[in-house]
Amino acid sequence: MATQTSEEAQKIALLKSGDSKTISSIYMEYRDAFGKFAGNYRLEQTLVLDIYQDAVVALCENAKKGLLDNLKCSIKTYLFSIGKFMIYKRLRTETSIEFTDELMQGVEIAYETYDEDAEQAKVHKLRSALQSMGEPCNTILSLFYFEEKKLDEIMGILDYKNKDVLKSQKSRCLNKLKALLS
Amino acid sequence: MTTHDELLDLFFENALSKEQEERFHWLLKNDIVFKEAFEFQRTLKTAVTLNERQKLKESLRQLEDDQKAKKEKVVAFSWKSYIAAASIVLVFFTAYQFWPKANNPDELFVENYEIFPNLVAPQVRGNNDEELKQKAFEAYEMTKFEQAVQDFSNLIALGQIEYAYFYRGQAYMAMGQFEEAQSDFMQHIAMNEKNLIVEAHWYMGLCELKRNHEEAAIDHFKIVSQSNENAFQSQAARLLDALRRK
């Protein structure tokens with residue numbers, strides 16, 4: 001089974017750190033190829049672009065979560081697999097067609113999708129409230145809930161000397177959010 | 001024994017032991033407070049995730065728009081080079097006129113920060129609370145910010161919170177106490193339904209900028225630039241451009 005080249009490993013490390021140049025460069029590098037690939041599914045160009053952007057978002061998210069650390073295929077293969085998964089999901093929603101194929105063969109994709117139309121009112125309110133939160137809450141909450149970092153890792157990233165201090169800061173952030181919602 | 005908070009942290013870290021997992025599920029079934037705390041954090045995880053995804057997707061859309069604009073410029077140049085050249089001059093002239101001249105956060109702050117005027121102070125003396133309010137705004141107008149902070153704090157203590165957090169935040173900001181200022185602006189947003197909400201976002205954005213939290217600043221400026229009823233809309237849009245060009 002293939003392993004990462006050092007160049008790919010470096011790209012993944014930069015994706016993990018959220019490096020915007022690397023994200024832009026990967027986005028541009030595979031954009032046209034993905035468009036041609038998706039052309040097989042007779043999708044509108046704007047829809048293809050939307051799906052491709054979602055796939056790049058998923059790639060970046062999974063890199064941050066450390067799910068690409070031991071990737072056994074190239075970034076391109078992984079990205080296209082996510083893209084395929086998303087195309088199928090849309091086609092399934094829009095056409096009710098059942099697919100039985102070997103879509104995910106060789107590539108394990110972990111990505112939770114949310115039905116945004118069915119998003120609860122609570123999620124909407126929380127999303128707005130989060131936009132009013134300052135630092136360090138934004139960073140702590142993002143690292144813990146989005147990047148799924150452990151508190152011990154967050155201590156290192158944010159240079160906290162004491163885990164209890166970080167825990168109480170996180171707890172204050174949750175209380176602030178609750179206050180914003182009440 | 002592991003506390004409820006620790007159990008929740010371990011759940012979200014995906015690090016519950018078998019024994020902890022059993023207790024976790026037992027609590028979910030039998031302890032309503034624990035269940036509520038869990039539901040809140042689970043919803044929060046969804047909200048944080050969707051916000052982060054949206055942020056990244058917006059930056060990709062922006063990249064797409066930038067690429068499209070570049071291509072269109074190239075085509076226009078080869079097609080009617082004189083008109084294109086003139087347009088470019090016009091674009092540069094417009095950019096020179098309207099865009100911020102710097103993209104260093106400190107310089108952007110200096111270019112854009114101006115204390116918010118007093119739009120509230122009562123004109124006529126009334127009861128004690130009104131006098132206190134007038135005193136607070138007088139101190140504010142006379143740039144006696146320490147006194148203003150004290151007076152607005154007194155108003156807050158008396159429950160006269162309308163505008164007090166916003167203007168105490170302004171006073172803190174004028175004294176360079178950006179963390180305290182942000183906290184007040186946030187309180188203002190949390191407590192008032194209509195007035196000066198977008199303005200509070202504008203000043204929170206500036207505080208974040210001053211503290212070198214550019215991404216957080218961008219979030220606030222987006223809110224301001226997308227809202228039609230405020231004096232800072234175009235200024236916020238230009239700041240966003242400047243930050244994105246960095």
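See the values below:
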quantity	calculated
In region A:25-56, residue surrounded by the most Cβ atoms within 10 Å (Cβ to Cβ) [restricted to those that are within 15 Å of the chain's Cα centre (by Cα) and within 11 Å of chain B (Cβ to nearest Cβ)]	A:Tyr52
Candidate set from region B:122-149 (those that are under 21 Å from B:Ala200 (Cβ atoms) and surrounded by fewer than 16 Cβ atoms within 10 Å (Cβ to Cβ)); member that is modelled with the highest pLDDT	B:Thr143
Filtered residue count, region A:118-139, keeping only those that are over 21 Å from the mean Cα position of the chain (by Cα), at the interface with chain B (Cβ under 8 Å from one of its Cβ atoms) and farther than 17 Å from B:Phe185 by Cβ	1
Candidates B:Lys71, B:Lys57 - the one that is at pLDDT below 80, out of contact with any Phe, Trp or Tyr (no Cβ under 8 Å at 6 or more places or on another chain) and part of a helix (DSSP H, G or I)	B:Lys71
Residue match in region A:57-70 (condition: charged (D, E, K, R), at pLDDT below 85 and surrounded by fewer than 16 Cβ atoms within 10 Å (Cβ to Cβ))	no
Test: residue in region A:53-64 that is more than 20 Å from A:Gly18 (Cβ to Cβ) and in contact with a helix residue (DSSP H, G or I) (Cβ under 6 Å, 6 or more places away or on another chain)	no
Subset of region A:71-80 (residues that are over 13 Å from A:Ile23 (Cβ atoms) and either at pLDDT 85 or above or not in a helix (DSSP H, G or I) (or both))	A:Leu71, A:Lys72, A:Cys73, A:Ser74, A:Lys76, A:Tyr78, A:Phe80
Candidates B:Gln235, B:Gln160, filtered to the one that is closer than 30 Å to B:Asp65 by Cα and among the polar types (S, T, N, Q)	B:Gln235
A:Asp54 being charged (D, E, K, R), at pLDDT 90 or above and at negative phi	yes
Residue ID - surrounded by the most Cβ atoms within 10 Å (Cβ to Cβ), chosen from residues in region B:165-203 that are away from every other protein chain (no Cβ under 14 Å) and either within 21 Å of B:His220 (Cα to Cα) or among the β-branched types (Val, Ile, Thr) (or both)	B:Arg168
Output for region A:158-171, where each listed residue is touching a residue at least 12 places away in the same chain (Cβ under 8 Å) and closer than 22 Å to A:Gln131 by Cβ	A:Leu158, A:Gln169, A:Lys170
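The values are calculated or read from the model by the stated rules, or taken from the named source; none is laboratory data. Every value quoted in this text rests on a predicted model; they were computed, and no experiment measured them. We place every Cβ from the backbone using ideal geometry, glycine too, and count neighbours over all the protein chains shown.
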